[in-house]
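Notes follow the structure.
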Amino acid sequence: MRRMFAVRRADAATGWLVLLVVLLSVLIVYMIARPRILYDPYPKQKSQFHMLEAAFELFDSQFKGYPPSDGNDVTGSPYCGAMKLAEAMMGQDLMGYHPKSALRADGLDPNTHAPLYTADTAKDRPGSFLPLENFNVYKLVDVYGKTGPFPESAFVLCDVFTRKLPNGKKAGMPILYYRAHPSGTKHDADNPDNRQNIYDYRDNLAIISLGVPGDPNTVHPLANPKRFYLNTRNDRARDVSRLYRADSYILISAGRDGLYGTADDICNFEWTHRER
């Protein structure tokens with residue numbers, strides 16, 4: 001009888017030991033996976049877009065329109081939609097947008113040619129439309145190293161999909177901004193250069209052409225103009241334009257893979273990936 005109780009006690013102790021090992025194993029696995037469980041970048045990127053949309057409405061109410069997104073500024077200097085987005089939301093020095101700005105790469109007053117973004121002009125500005133701590137803002141040179149035709153000091157708003165850059169810093173890809181042209185009537189994938197297109201693929205083509213940070217030879221699928229018009233097309237629309245947000249603007253994040261124009265891109269509209 002004593003032997004039987006001793007065996008049962010030994011079996012119980014073994015069972016508890018096995019259960020403890022299993023629980024510890026589950027706890028270790030959970031702690032390893034916990035960051036992935038708690039941090040899902042896709043909802044965070046969508047949340048950032050919602051904040052951007054609210055900021056755009058404030059900008060529109062103050063300046064009677066959304067900022068332009070043309071690939072060049074009014075002087076013809078390269079200054080694309082992604083850079084105009086950053087300036088309109090935070091200014092060229094991240095201290096707020098200047099009401100007299102014409103969104104020029106050089107940051108000069110279009111009338112007096114005086115610099116608008118200095119410490120002395122901070123009092124003339126309403127402040128940033130976005131909280132800096134909630135957005136990944138980087139100088140273009142910090143993201144790409146070589147900035148092509150753009151000024152190295154230009155800021156861009158980057159998405160939440162950060163990756164380690166060759167310089168050791170971590171950053172996402174710039175958020176692309178395209179402003180709709182109200183006078184346009186087309187969304188022509190067969191003729192991307194149609195002057196009646198509501199959106200112009202060239203607004204961010206130069207920054208897309210910089211490739212991937214650390215791998216400039218990688219070609220983004222969205223560099224193909226036809227891909228831009230196919231992927232922003234709304235097949236459910238019945239009007240001639242057949243696109244999303246024909247009267248406002250579109251925002252595009254490259255998503256987790258860091259490539260513009262692939263299936264995991266995140267946008268402020270219903271992105272539909274189409275190969276052709």
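Restricting attention to the range 72-90, report how many residues are over 15 Å from V156 (Cβ atoms) and of a type in the set (A, V, I, L, M).
The qualifying residues number 1.
Output the residues belonging to the range 241-264 that are on the phi < 0 side of the Ramachandran plot, part of a loop (DSSP other than H, G, I, E, B) and touching a residue at least 40 places away in the same chain (Cβ under 8 Å).
Within the range 241-264, S241, A246, D247, S248, A254, R256, L259, Y260, T262 meet the criteria.
Residues are listed down the side, and each one gets a yes or a no for (1) within 21 Å of A55 (Cβ to Cβ); (2) under 19 Å from the mean Cα position of the chain (by Cα):
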| position | (1), (2) |
| --- | --- |
| P78 | no, no |
| P126 | yes, no |
| V156 | yes, yes |
| G168 | no, no |
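Where the second residue is in a loop (DSSP other than H, G, I, E, B) and among the hydroxyl-bearing types (S, T, Y) and the first is over 20 Å from L85 (Cβ atoms) and lies in the range 185-204, which pairs have Cβ atoms under 6 Å and are six or more apart or on separate chains?
Short answer, once both residue conditions are applied: H187/S241; Q196/T185.
Select, from K226, K146, the only residue that is basic (K, R) and assigned to a loop (DSSP other than H, G, I, E, B). Full working, then the answer.
On the way: K226 fails: assigned to a loop (DSSP other than H, G, I, E, B).
On inspection, the qualifying residue turns out to be K146.
Among residues belonging to the range 107-158 that are free of Cβ contacts under 8 Å to residues at least 12 places away in the same chain and of a type in the set (D, E), point out the one that is surrounded by the fewest Cβ atoms within 10 Å (Cβ to Cβ).
E133
Residues checked against (1) modelled with pLDDT of 80 or more; (2) part of a helix (DSSP H, G or I); (3) among the polar types (S, T, N, Q):
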| site | (1), (2), (3) |
| --- | --- |
| S25 | no, yes, yes |
| Y30 | no, yes, no |
| P35 | no, yes, no |
| Q45 | yes, yes, yes |
| Q48 | yes, yes, yes |
| E53 | yes, yes, no |
| F59 | yes, yes, no |
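The values are calculated or read from the model by the stated rules, or taken from the named source; none is laboratory data. This is a predicted model, so every value here is computed, not measured. Counting neighbours? That spans all protein chains shown, and the Cβs are built from the backbone with ideal geometry, glycine included.
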